[in-house]
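Down below is the structure, laid out as C-alpha coordinates.
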Amino acid sequence: YSTSAKALAELVANGLTAGTRVDVDVDSNPIEGIQKITVTDNGAGMTAEELKDRFVVVGVLPPDCDQTTRLGRFGVGRLAVHRVGTVSHWSTVARCKDNRKICSSFELRDETHDLVVKEEEVPEDTQTGTRIEIHNILDEKEVPTPARLRGEFLAQFCAYLLANRDQRIVVQGEPLDVDAMVAT
(Lines give C-alpha, C1' and ligand atoms only; values in the text may rest on other atoms or scores of the structure.)
Protein backbone atom coordinates (compact mmCIF):
# COMPACT_ATOMS: atom_id res chain seq x y z
CA TYR A 1 0.00 0.00 0.00
CA SER A 2 1.50 3.31 -1.04
CA THR A 3 -0.19 5.34 1.74
CA SER A 4 -1.87 4.77 5.07
CA ALA A 5 -5.14 5.98 3.56
CA LYS A 6 -5.00 3.22 0.92
CA ALA A 7 -4.18 0.63 3.58
CA LEU A 8 -7.10 1.82 5.70
CA ALA A 9 -9.33 1.52 2.63
CA GLU A 10 -8.47 -2.20 2.60
CA LEU A 11 -9.66 -2.51 6.20
CA VAL A 12 -12.83 -0.62 5.27
CA ALA A 13 -13.38 -3.02 2.35
CA ASN A 14 -13.11 -5.95 4.77
CA GLY A 15 -15.62 -4.27 7.07
CA LEU A 16 -18.08 -3.67 4.23
CA THR A 17 -17.76 -7.31 3.17
CA ALA A 18 -18.53 -8.34 6.77
CA GLY A 19 -21.37 -5.90 7.55
CA THR A 20 -23.30 -2.83 6.47
CA ARG A 21 -21.45 -0.04 8.29
CA VAL A 22 -17.81 0.83 8.89
CA ASP A 23 -16.76 3.65 11.20
CA VAL A 24 -13.28 5.16 11.00
CA ASP A 25 -12.16 7.50 13.78
CA VAL A 26 -8.89 9.39 14.08
CA ASP A 27 -7.86 10.39 17.61
CA SER A 28 -5.33 13.19 17.91
CA ASN A 29 -3.16 14.12 20.87
CA PRO A 30 -3.03 17.68 22.29
CA ILE A 31 -0.45 18.78 19.69
CA GLU A 32 -2.51 17.41 16.76
CA GLY A 33 -0.42 14.30 16.20
CA ILE A 34 -2.43 11.17 15.45
CA GLN A 35 -2.58 8.99 18.53
CA LYS A 36 -4.64 6.15 17.05
CA ILE A 37 -6.99 5.24 14.24
CA THR A 38 -9.96 2.98 14.93
CA VAL A 39 -11.87 0.98 12.30
CA THR A 40 -15.11 -0.66 13.48
CA ASP A 41 -17.63 -2.75 11.53
CA ASN A 42 -21.01 -4.20 12.42
CA GLY A 43 -20.44 -7.61 10.84
CA ALA A 44 -20.86 -11.01 12.48
CA GLY A 45 -17.39 -10.90 14.05
CA MET A 46 -15.09 -13.92 14.30
CA THR A 47 -15.00 -16.65 16.89
CA ALA A 48 -11.66 -17.82 18.29
CA GLU A 49 -12.01 -20.92 16.08
CA GLU A 50 -12.53 -18.75 12.99
CA LEU A 51 -9.54 -16.63 13.95
CA LYS A 52 -7.41 -19.76 14.15
CA ASP A 53 -8.75 -21.20 10.88
CA ARG A 54 -9.01 -18.02 8.80
CA PHE A 55 -7.21 -15.02 10.26
CA VAL A 56 -3.69 -16.37 10.20
CA VAL A 57 -4.15 -17.96 6.76
CA VAL A 58 -3.89 -15.71 3.70
CA GLY A 59 -6.65 -15.84 1.07
CA VAL A 60 -9.38 -17.59 3.09
CA LEU A 61 -12.91 -16.25 2.63
CA PRO A 62 -15.65 -16.15 5.24
CA PRO A 63 -17.95 -19.18 4.87
CA ASP A 64 -21.00 -17.05 3.98
CA CYS A 65 -19.16 -14.58 1.71
CA ASP A 66 -21.15 -13.49 -1.34
CA GLN A 67 -18.62 -13.39 -4.19
CA THR A 68 -20.74 -10.89 -6.13
CA THR A 69 -20.48 -8.17 -3.46
CA ARG A 70 -17.06 -9.03 -2.05
CA LEU A 71 -14.64 -6.11 -2.19
CA GLY A 72 -11.33 -7.76 -1.33
CA ARG A 73 -9.54 -9.77 -3.97
CA PHE A 74 -6.60 -11.48 -2.34
CA GLY A 75 -7.58 -12.16 1.28
CA VAL A 76 -4.74 -10.07 2.72
CA GLY A 77 -6.54 -6.84 3.68
CA ARG A 78 -6.10 -7.47 7.40
CA LEU A 79 -2.34 -7.20 6.88
CA ALA A 80 -2.86 -3.54 5.94
CA VAL A 81 -2.57 -2.60 9.62
CA HIS A 82 1.20 -3.00 9.31
CA ARG A 83 1.31 -0.20 6.70
CA VAL A 84 -0.64 2.13 9.02
CA GLY A 85 0.98 1.56 12.41
CA THR A 86 3.32 -0.74 14.31
CA VAL A 87 0.77 -1.92 16.91
CA SER A 88 -2.87 -2.93 16.48
CA HIS A 89 -5.41 -4.06 19.05
CA TRP A 90 -8.21 -6.21 17.68
CA SER A 91 -11.48 -7.16 19.35
CA THR A 92 -14.19 -9.10 17.63
CA VAL A 93 -17.58 -10.09 19.03
CA ALA A 94 -19.30 -13.13 17.53
CA ARG A 95 -22.05 -15.55 18.39
CA CYS A 96 -20.69 -19.03 19.10
CA LYS A 97 -22.28 -22.35 18.21
CA ASP A 98 -23.67 -22.62 21.74
CA ASN A 99 -25.42 -19.22 21.17
CA ARG A 100 -23.26 -17.24 23.64
CA LYS A 101 -21.61 -14.03 22.50
CA ILE A 102 -17.86 -14.05 22.95
CA CYS A 103 -15.37 -11.21 22.52
CA SER A 104 -12.02 -12.43 21.24
CA SER A 105 -9.18 -9.93 21.47
CA PHE A 106 -5.52 -9.89 20.54
CA GLU A 107 -2.66 -7.57 19.71
CA LEU A 108 -0.44 -7.53 16.63
CA ARG A 109 2.99 -5.93 16.69
CA ASP A 110 5.36 -5.58 13.76
CA GLU A 111 8.16 -7.29 15.64
CA THR A 112 6.25 -10.35 16.89
CA HIS A 113 4.44 -13.15 15.12
CA ASP A 114 2.60 -14.69 18.07
CA LEU A 115 -1.18 -14.46 18.09
CA VAL A 116 -2.46 -14.86 21.63
CA VAL A 117 -6.25 -14.62 21.71
CA LYS A 118 -8.08 -13.75 24.91
CA GLU A 119 -11.76 -14.66 25.14
CA GLU A 120 -14.53 -13.41 27.37
CA GLU A 121 -18.27 -13.82 27.34
CA VAL A 122 -20.13 -10.55 26.76
CA PRO A 123 -23.77 -9.55 27.42
CA GLU A 124 -26.40 -10.62 24.90
CA ASP A 125 -27.06 -7.02 23.80
CA THR A 126 -23.41 -6.48 22.76
CA GLN A 127 -23.13 -5.60 19.06
CA THR A 128 -21.30 -8.17 16.93
CA GLY A 129 -18.49 -6.98 14.70
CA THR A 130 -14.81 -6.21 14.69
CA ARG A 131 -12.89 -3.23 16.07
CA ILE A 132 -9.27 -2.48 15.17
CA GLU A 133 -7.30 0.19 17.02
CA ILE A 134 -4.05 1.09 15.26
CA HIS A 135 -1.28 2.83 17.21
CA ASN A 136 2.19 4.22 16.42
CA ILE A 137 1.06 5.66 13.10
CA LEU A 138 3.84 5.43 10.49
CA ASP A 139 2.86 7.86 7.72
CA GLU A 140 4.50 11.24 8.32
CA LYS A 141 4.32 12.64 4.78
CA GLU A 142 0.70 11.86 3.97
CA VAL A 143 -0.81 11.90 7.43
CA PRO A 144 -4.15 10.03 7.40
CA THR A 145 -6.32 12.96 8.51
CA PRO A 146 -10.11 12.63 8.45
CA ALA A 147 -10.27 14.88 5.35
CA ARG A 148 -7.68 12.78 3.51
CA LEU A 149 -9.48 9.56 4.48
CA ARG A 150 -12.84 10.90 3.29
CA GLY A 151 -11.31 11.74 -0.10
CA GLU A 152 -9.61 8.35 -0.44
CA PHE A 153 -12.72 6.43 0.59
CA LEU A 154 -14.99 8.45 -1.71
CA ALA A 155 -12.65 7.84 -4.63
CA GLN A 156 -12.39 4.12 -3.93
CA PHE A 157 -15.93 3.28 -2.82
CA CYS A 158 -18.19 5.77 -4.63
CA ALA A 159 -19.53 3.33 -7.24
CA TYR A 160 -19.88 0.56 -4.65
CA LEU A 161 -21.81 2.79 -2.22
CA LEU A 162 -24.08 4.07 -5.01
CA ALA A 163 -24.91 0.48 -5.97
CA ASN A 164 -25.28 -0.69 -2.34
CA ARG A 165 -27.39 1.97 -0.64
CA ASP A 166 -27.63 -0.02 2.60
CA GLN A 167 -23.84 0.21 3.11
CA ARG A 168 -22.28 3.12 5.03
CA ILE A 169 -18.78 4.43 5.65
CA VAL A 170 -18.59 6.94 8.48
CA VAL A 171 -15.47 9.04 9.15
CA GLN A 172 -15.29 10.99 12.43
CA GLY A 173 -19.05 10.50 12.89
CA GLU A 174 -19.89 11.89 9.43
CA PRO A 175 -21.25 9.48 6.77
CA LEU A 176 -19.66 9.75 3.34
CA ASP A 177 -21.99 11.61 1.00
CA VAL A 178 -21.58 9.92 -2.37
CA ASP A 179 -24.60 11.75 -3.80
CA ALA A 180 -22.85 15.08 -3.27
CA MET A 181 -19.73 13.77 -5.00
CA VAL A 182 -21.73 12.63 -8.03
CA ALA A 183 -23.61 15.95 -8.19
CA THR A 184 -20.38 17.99 -8.39
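List of remarks:
- When the chain is treated as a Gaussian network with alpha carbon springs shorter than 10 Å, the biggest mean-square fluctuation among ARG148, ARG168, ARG21 belongs to ARG148.
- Computed label-point distance, nm, for sites GLU142 and ASP98 using a 7 Å Cα→Cβ extension: 4.7
- Here the chain is assigned +1 on the Cβ of each Lys and Arg and -1 on the Cβ of each Asp and Glu. Its dipole about the Cα centre then comes out at about 440 debye.
- Within the chain, all pairs of alpha-carbon atoms sorted by distance into 10 Å bins from zero give the percentages 9, 37, 37, 15, 2, 0.
- The chain, relative contact order [Cα under 8 Å, separation at least 6], %: 29
- Per residue, the chain exposes 55 Å² of solvent-accessible protein surface, assessed with a 1.4 angstrom probe and all protein chains in place.
- Added length on full extension, which subtracts the Cα-Cα distance from 0.36 nm per residue, MET181 to LEU162: 5.8 nm
- Taking the DSSP beta bridges with both ends in the chain, the antiparallel portion is around 90 percent.
- Within straight-line reach of LYS101, meaning a Cα separation under 30 Å, sit the following lysines at least 8 residues removed in sequence or on another chain: LYS36, LYS52, LYS118.
- Accessible area of the chain belonging to carbon and sulfur atoms, whole % at 1.4 Å probe: 50
The values are calculated or read from the model by the stated rules, or taken from the named source; none is laboratory data. Quantities reported herein were computed from a predicted structural model and do not represent experimental measurements. Glycine also receives a Cβ, built like all others from the backbone with ideal geometry; neighbour counts cover every protein chain displayed. Side chains are part of the model used for accessible areas, which takes the heavy atoms of the whole protein and leaves out ligands, DNA and RNA. Shrake-Rupley method; radii C 1.70, N 1.55, O 1.52, S 1.80 Å.
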